[in-house]
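Just below is one structure, and these are the notes that go with it.
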Amino acid sequence: MIPRFKPHIDSKELISIFRRNKGAVERFEKEFAARFGAKEAVAFPYGRSALYTFFQAINLQNDEIIMPAYTCSVVAHAIALSGNIPRFVDISLFDYNMDLDLLANTVTEKTRAIVATHLFGYPQDLDVLESIVADAEAKYGHKIWLIQDCAHSFGATWKNRLVGTSGDVALYALNISKMITSIFGGILTLQDAGLAAKIREKRDSTYRISGLIKSCMRRLYFLSSMAAFNENIYGVTWWLQERTSILNKLTKSYHLDQKIHFPPNAFEKMLDVEAMVGLEQLKKYDEIVKARRETALWYDKNLNRHQDWEFPPIVEGATYSHYVVRVPNREKILNEYSKRGINLGELIQYSIPETQAYQEYSKGASFPQAKLSSLSTINFPLNADIKEKDLTKIAKIGRYLQ
Ligand SMILES: *Cc1c(COP(=O)(O)O)cnc(C)c1O
């Protein structure tokens, strides 16, 4: 079975989790900042915790924060749980990012921050985004914080500008399903050392340091992930996941439950053992992105162009965290592929403002593009080590589908 995603981990990471790791989190922060064009980086146990603590550190409370309707639900959770109010903007069907015309119309004098996500590795138009923020600041006479969510787009560029290096802060997420991983983990990068110090202070005064047991459990979790994604074992993983609930936490969207909540360990510091894995992964980053770009181009050229399928764009600077196609009959296609040993993904199966939990914020407004995407997208494997013969097989299956 070919998995829908697969962390790019090998003996290097395996060895790293047993090495001396004192001070690894600080080292990881420094190297991460340097790699992604920032002055500072501050590490967290999850991306969502990072966002939550950022809002606290800059004293946003009861304030309106704009975000896309179609993205990972934990972004909305971070806004709501930090005592703020999410306001949603529908996306563009071209690249799944926030529709910037709609964004301009959604900003009001109550807007205090905007979370712009570069979804699926596609860079959002930074020039337009920044001018919307500048115009609104001039019009309303107060600061509007710009957060770039780069969880899918480590190192993507917009017109040769690295995403996440402008605006106030960038968010990266590092769980096992992301482009690079630190087992779990999230990180904020900044250009402003003063602001970084403030965030670090907030983190250090509000996060617990977890005990030894957790770092052992994290090693176990990492080892079992390595095993689960092994080519020869993945068939079992897939079966366990589809037929039982044991593995949902490991490989399915762990945030599908539609409640606004954080896991109990959301405010325990990132572990040094996690940072050790992150440090190894940073070294592989260039190779991972190169492979994903090549595979996306391969799909673009070789997948059968069914008339009623909508293929993703090839965009300069994109990093392709996912290769996403909209199809009219998703269940059937997922089944046809899985019967033949290919596990396709269906990543974001909700339009956040249209979920039960966010009705009170969206008051019945509709987000047609987010909704359509939530119902019709599938994504193809982009694992950095996917083999030519597997790609050929994927393309061949496509030719027989109606
Ligand atoms: C993964 C992800 C996050 C953060 O996820 P955590 O699980 O909290 O680390 C944020 N935004 C997007 C778009 C993501 O995909």
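Just so you know, all these numbers are worked out from the coordinates, no wet-lab data involved. Everything numeric here is computed off the predicted structure, so don't read it as measured data. Because the Cβ atoms are built from the backbone with ideal geometry, glycine has one as well, and the counts that use them run over all protein chains shown.
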Given a Förster distance of 35 angstrom, what is the FRET efficiency for residue 193 paired with residue 12, based on the Cβ-Cβ distance and rounded to 0.05?
0.65
What spacing in nm lies between the two simple spin-label points modelled at residue 30 and residue 217, each 7 Å away from Cα in the Cβ direction?
3.1
Dipole-positive endmost among 79, 28, 260 within the chain (Cβ charges, Cα centre):
28
Calculate the all-directions average of the projected area of the chain's alpha-carbon convex hull, and give it in nm².
18.4
May I ask for the distance between the Cα centers of the range 48-99 and the range 303-366, given as a whole number of Å?
21
Under the rule of -39500 (n - 2.57) per DSSP H run of 4 or more residues, summed and divided by the residues of the chain, what mean residue ellipticity at 222 nm is obtained, to the nearest 500 deg cm²/dmol?
-13000 deg cm²/dmol
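Quick one: order 206, 319 by neighbouring beta-carbon count within 10 Å, fewest to most. Mind dumping the intermediate values first?
Values: 206 13, 319 27.
Taking fewest neighbouring Cβ atoms as first place, the list is 206, 319.
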Stretch in the chain that is longest and holds no trypsin sites (Lys or Arg not before Pro) that DSSP places in a loop and that have at most 16 other beta carbons within 10 Å:
160-251
How far is it, in nm, from the label point at residue 305 to the one at residue 175 when both lie 7 Å from their Cα along the line to the Cβ?
3.7
Only Lys, Arg (+1) and Asp, Glu (-1) charged, at Cβ; the chain dipole about Cα centre in debye
1300
Lys/Arg +1, Asp/Glu -1 at C-beta; the chain dipole; positive extreme among 157, 376, 106:
376
At 20 °C and a viscosity of 1.002 mPa s, what translational diffusion coefficient does Stokes-Einstein give for the range 1-70, taking Rh as the Kirkwood radius over Cα pairs? Give it in µm²/s as a whole number.
136
Using a Gaussian network for the chain with springs between C-alpha atoms less than 10 Å apart, which of these wobbles most: 349, 241, 191?
241
Which of 239, 145 comes first, and how do the rest follow, when ranked by fewest Cβ neighbours within 10 Å?
239, 145
Of 357, 38, 239, farthest towards positive along the dipole that unit charges on Lys, Arg, Asp, Glu beta carbons give the chain
239
Roughly how many debye, to the nearest 20, is the charge dipole of the range 141-208 about its Cα centre, given +1 on each Lys and Arg Cβ, -1 on each Asp and Glu Cβ, and no other charges?
20
per DSSP, antiparallel bridges as share of beta bridges in the chain, % nearest 5, sits at 50
Quote the charge dipole size of the range 36-162 about the Cα centre in Debye, to the nearest 20; the model charges only the Cβ of Lys and Arg (+1) and of Asp and Glu (-1).
380
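Which pairs break 20 Å Cα to Cα here: 159/290; 39/178; 178/290; 110/143; 339/393; 290/371?
Check vs 20 Å cut-off fails for 39/178; 290/371.
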